[in-house]
Protein chains: 2
Amino acid sequence: MTRPDPVQPADPEARVLAQRLLHTARHAALAWTDPETGTPGISRIAFGLCPEGRPLTLVSGLAPHRAALQAQPAAAVMLGEPGEKGDPLTHPRLMLRVLAEEVARSAPAHAAIRAHWLETHPKATLYVDFPDFAFVRLEVQSALLNGGFARAFRLEPGDLRDVTGA
Amino acid sequence: MTRPDPVQPADPEARVLAQRLLHTARHAALAWTDPETGTPGISRIAFGLCPEGRPLTLVSGLAPHRAALQAQPAAAVMLGEPGEKGDPLTHPRLMLRVLAEEVARSAPAHAAIRAHWLETHPKATLYVDFPDFAFVRLEVQSALLNGGFARAFRLEPGDLRDVTGA
């Protein structure tokens, strides 16, 4: 009994599903490398998009991944939460390989990023201006969509940016 | 304005919460190291416990983390799913630093592990005996509980094993 290669190039349906996950996710799981041991760490992060639709998080200086991303910007993000029912492994999820880059408070883009974030994450008003918090861009290098039907799709950054106004 | 060190030693309440997350989780996020690039990867995995209460997953040979864990057994696991309401970052989650070790089908423990897994993951009956599937122990090295109230607790493996009959 052989099974087909599970990873396929993106098709329109996969692009729509990936973009929906990107635009609706408000949190994600982040995989990072511990700078002291070189082994993986994992955290829950707030997730959103910058005004141009590129992935973003808002991180406290107390979070262990803050220093880790500064030391080693290569990271991975998983979006898409299983529902209450059914096999969690059949629910769609999007895995992003990213490079993390902090947005300086003095950067020209900061004000627009902050305003856009507060539209989608209103509770962040309480802490967004704490001095140890920072926005971190998660620049997508490649993506893998597991569509929840035992088939996976490999996506390029452009596949995630086709949406307008979603 | 200073804030207290957010990571504290485990207390009884933290142990109970961590053990509840361990015993109820049926899936998890896994952070692993890509053997080709040395950078982080992330996957959703099935999660359960072996009959002695130690963390376990069941992995297909098609999953990218299968080969990664064989090459680099150090990994990290996150348990605890945000609910539908409220700030997802205030929901409790448990992060485990683990070492992965496959359970050979010929190992004496395999039959009991398989039987126990099918009690907690009945849908796995469909694929547990596929030749490319394997159980992988996730041996806990240390744990961090984020209790969802802006405080975190560092736990040792023994803190996760105090429960009897939970």
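The values are calculated or read from the model by the stated rules, or taken from the named source; none is laboratory data. For clarity, every value in this text was computed on a predicted model and none was experimentally measured. For neighbour counting, all protein chains shown are included, and Cβ atoms are generated from backbone atoms with ideal geometry for every residue, glycine included.
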Just need a number here: residues in the range A:1-14 that are surrounded by fewer than 17 Cβ atoms within 10 Å (Cβ to Cβ) and either within 12 Å of another protein chain (Cβ to nearest Cβ) or in a loop (DSSP other than H, G, I, E, B) (or both). 8
Regarding residue A:76, is this residue surrounded by 18 or more Cβ atoms within 10 Å (Cβ to Cβ) and in contact with a Lys or Arg (Cβ under 7 Å, 6 or more places away or on another chain)? yes
Give me a count of the residues in the range B:55-94 that are facing another protein chain (nearest Cβ under 10 Å), assigned to a helix (DSSP H, G or I) and either small (Gly, Ala, Ser) or under 21 Å from residue B:35 (Cβ atoms) (or both). 2
Of the conditions (1) within 19 Å of the chain's Cα centre (by Cα); (2) part of a loop (DSSP other than H, G, I, E, B), residue B:130 fails just one. Which one is it? (1)
Quick one: which residue in B:54, B:66, B:114 is buried (at least 19 other Cβ atoms within 10 Å of the Cβ) and either over 15 Å from the mean Cα position of the chain (by Cα) or over 30 Å from residue A:124 (Cβ atoms) (or both)? B:66
Looking at the range A:26-40 only, could you name the residues that are at pLDDT 95 or above, within 15 Å of the chain's Cα centre (by Cα) and not in a strand (DSSP E or B)? none
May I ask you to list the residues in the range B:105-119 that are within 26 Å of residue B:29 (Cβ to Cβ) and outside any helix (DSSP H, G or I)? B:109
Anything in the range B:20-40 that is more than 7 Å from every other protein chain (Cβ to nearest Cβ) and either free of Cβ contacts under 8 Å to residues at least 40 places away in the same chain or of a type in the set (Asp, Glu) (or both)? List them, or say none. B:24, B:34, B:35, B:36, B:37, B:38
Considering residues of the range A:41-51 that are part of a strand (DSSP E or B) and more than 11 Å from the chain's Cα centre (by Cα) only, the residue farthest from the other protein chains (Cβ to nearest Cβ): A:43
Does residue A:17 count as of a type in the set (A, V, I, L, M, F, W, C), over 14 Å from the mean Cα position of the chain (by Cα) and within 12 Å of chain B (Cβ to nearest Cβ)? no
Going through the range B:95-123 in order, the residues found to be within 14 Å of chain A (Cβ to nearest Cβ) and out of contact with any Leu (no Cβ under 6 Å at 6 or more places or on another chain) are B:96, B:97, B:99, B:117, B:118, B:120, B:121, B:122, B:123
Report yes if some residue within the range A:98-105 is aliphatic (A, V, I, L, M) and under 24 Å from residue B:80 (Cα atoms); otherwise report no. yes
